[in-house]
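See structure below.
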Amino acid sequence: MGNSVMNEQESSSFARVLVVANSEATLTVLPEYLRQHGQFVAVTHESAQVLAHSAERLWDAVIIDLTPVAAGIDLVRQLYAQQPLLATIVLSSDCHATSIPTAIAAGVFSWLPAPCPLELVELAVVRARERRQLQRQATAAQASPGIAWQVVHTVNNQLAGITGLAQLHMADDLLNVDLRSDLEMILNSARRISDLLKPLSKH
């Protein structure tokens with residue numbers, strides 16, 4: 001797995017991304033695009049290598065483009081068991097009604113249709129990086145109870161706005177099926193962040 005081990009002294013200002021795929025385009029074009037935009041990217045076509053590297057160090061995101069889609073969802077499930085806060089981004093042309101809910105239940109962070117504009121994949125990576133930074137802030141707050149309440153209060157206010165807006169749109173019976181699935185993923189992510197913050201609210 002080329003370039004898979006990072007120098008521990010390298011800057012952490014970029015996202016650390018693993019890409020696993022059995023599509024040559026995903027293994028070549030996508031990593032090059034992300035690198036050009038300042039991200040660190042390692043690639044592989046084997047799920048076992050992803051699990052090994054996930055166990056060794058923290059990554060901000062794993063991008064998964066595997067066929068059949070069930071293989072990708074199974075990898076999401078295994079990665080979630082290893083690192084519950086690791087963002088898994090699934091690229092798939094399978095938009096079957098059962099696939100997306102199954103992926104959400106497995107712990108997927110973002111489900112993107114394939115083929116997907118590279119800009120959208122990069123946006124998902126940036127969101128994953130932001131979530132990792134939030135995790136670090138929460139950890140720091142837990143170590144310093146004096147600022148824990150301030151962090152929890154600020155983030156919960158943001159989550160309330162996101163959740164409320166998503167639920168408002170989902171109440172529309174005429175809402176497009178794809179948009180409803182996207183909103184369900186947003187709500188799922190918001191709930192996970194809220195769960196992360198619950199221990200801090202007790203300080």
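FYI, it's all coordinate maths here, none of it is from the lab. If you're wondering where the values come from, they're calculated on a predicted model, not measured in any experiment. So basically every Cβ, Gly included, is an ideal-geometry build from the backbone, and we count neighbours across all protein chains shown.
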**Report entry** Percentage relative contact order, the chain, counting C-alpha pairs under 8 Å, at least six apart
**Finding:** 17 percent
Report summary line: Assertion target for W111, W59, ordered by fewest C-beta neighbours within 10 angstrom first, is W59, W111
Report task. Specify the residue with the greatest mean-square fluctuation among A48, A87, A21, computed from a Gaussian network of the chain linking alpha-carbon atoms under 10 Å apart. Result -> A48
**Report entry** By average C-beta atoms within 10 angstrom, highest first, the peptides 35-42, 121-128
**Finding:** 121-128, 35-42
Query raised in the report: Can you give the Kirkwood hydrodynamic radius of region 16-131 from its Cα pairs, in Å with one decimal?
Result: 13.7 Å
Report task. Highest first, please rank the peptides 157-165, 182-190, 68-76 by the mean number of other Cβ atoms sitting within 10 Å of their residues. Result -> 68-76, 182-190, 157-165
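Taking only DSSP H segments of four or more residues, each worth -39500 (n - 2.57), what value at 222 nm results for the chain once the sum is divided by all its residues, to the nearest 500 deg cm²/dmol?
Details: 7 runs with 122 residues, N = 203.
For the chain, the value works out to -20000 deg cm²/dmol.
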Report summary line: Across S54, S92, S23, the residue with the highest GNM fluctuation in the chain (Cα network, 10 Å cutoff) is S23
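Where Rh denotes the Kirkwood radius from the mean inverse Cα pair distance, what is Rg over Rh for region 30-74? If you can, show how the numbers build up before the last one.
Values: Rg = 11.5 Å, Rh = 11.7 Å.
Radius of gyration over Kirkwood radius for region 30-74 works out to 0.98.
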